[in-house]
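**Student:** Can you read through this structure? Questions will come right after.
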Amino acid sequence: MHPEPRHVACIGLATGITAGAALSLPGIETVTAIELSPLVVEAADCCFSEYNHGVTKNERANIVIEDGRTFIASSVDRFDVVSGDLFLPWAPGGRDDGALVSDQNAVPARFLRGSYDCGRASSQCRQRLQCR
């Protein structure tokens, strides 16, 4: 891990818990969360904000709606840490983590792979989104 990370990229916002946790760490200046689906960003905001430290509205967070691989590959920003949640190993790019991070956007960074289970919360979230 980077000894003094300041800029974090999270590929896959999902519930926002990983990105929100990064914001709570000392020394973190910015968190960029890249999510493919605008509905997932909306769900993170309306259903999980009490758990993700309100990451979707935090001024130090940048929420990007785009493919994570494309964003990281084309970004001029440099990240000290790049984390990824819910990668599917059988999907394109799922086995080639190194292709996501290059010297261009990480100094020096280790790609972190994480996962979590939304379980019961996801059904509550679906109900909330349907009630809007």
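The values are calculated or read from the model by the stated rules, or taken from the named source; none is laboratory data. This is a predicted model, so every value here is computed, not measured. Because the Cβ atoms are built from the backbone with ideal geometry, glycine has one as well, and the counts that use them run over all protein chains shown.
**Student:** Are any of the residues in segment 26-38 more than 24 Å from Arg6 (Cβ to Cβ), at pLDDT 90 or above, of a type in the set (A, V, I, L, M, F, W, C) and surrounded by 13 or more Cβ atoms within 10 Å (Cβ to Cβ)?
**Tutor:** yes
**Student:** Return the residues of segment 32-48 that are part of a helix (DSSP H, G or I) and under 19 Å from Ser75 (Cβ atoms); say none if nothing qualifies. Walk me through it before giving the result.
**Tutor:** Taking segment 32-48 first, the residues part of a helix (DSSP H, G or I) are 38-48.
Matches in segment 32-48: Val41 only.
**Student:** Name every residue in segment 57-76 that is out of contact with any strand residue (DSSP E or B) (no Cβ under 7 Å at 6 or more places or on another chain) and either closer than 16 Å to Arg6 by Cα or assigned to a loop (DSSP other than H, G, I, E, B) (or both), in order of residue number. I'd like the intermediate steps shown before the answer.
**Tutor:** Taking segment 57-76 and keeping what is out of contact with any strand residue (DSSP E or B) (no Cβ under 7 Å at 6 or more places or on another chain), we get 57-59, 67, 69-70, 73-76.
Result: Asn58, Glu59, Asp67, Ser75, Val76.
**Student:** Among all residue pairs at least 6 apart or on different chains, which show Cβ distances below 8 Å where the first residue, located in segment 1-12, is at pLDDT below 90 and the second is crowded, with 17+ Cβ neighbours inside 10 Å?
**Tutor:** Met1/Val81; His2/Asp80; His2/Val81; His2/Ala109
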